[in-house]
Amino acid sequence: MIDEAWSKLSGKLGIMIPNGSLEGLQDNFMVPKVEDALTVLKNLHYTVDHEKHPYGRIVQVSSGKTFSFIDQDHYELLGDAVTEYIQALLVEKWNFMEVWSCT
């Protein structure tokens with residue numbers, strides 16, 4: 001399974017692959033961190049609630065409510081932050097490998 005992705009935050013094209021599928025290319029790997037992705041979410045006043053939702057749910061830090069539309073820019077930033085969080089989970093929790101090409 002290979003999934004191509006474009007990151008607006010980093011401006012790079014990447015793929016997610018099961019770990020070990022591209023032997024010998026380790027120099028090209030970037031390892032996203034869940035902690036970094038959570039920091040970006042917190043800067044946007046959101047977090048992941050695992051207490052009420054075992055698989056995690058993105059909620060507002062102040063109220064615990066789900067998404068509330070503010071404006072298009074905030075919507076796009078939050079969407080990018082959620083994408084980065086999911087990509088980090090794929091690497092850390094499910095042992096996928098992320099490969100980026102800077103072109």
Efficiency of FRET between residue 33 and residue 95 - r from beta-carbon atoms, R0 25 angstrom, step 0.05: 0.95
R0 of 22 Å, Cβ-Cβ distance residue 57-residue 83: FRET efficiency to nearest 0.05: 0.85
Difference of contour (0.36 nm per residue) and Cα-Cα distance, residue 42 to residue 68: 7.9 nm
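Every number here is computed from the coordinates shown, using simple stated rules; none is lab data. Here the structure is a predicted model, which means the values were calculated and not measured. Here Cβ is always computed from backbone atoms with ideal geometry, including for glycine, and neighbour counts include all displayed protein chains.
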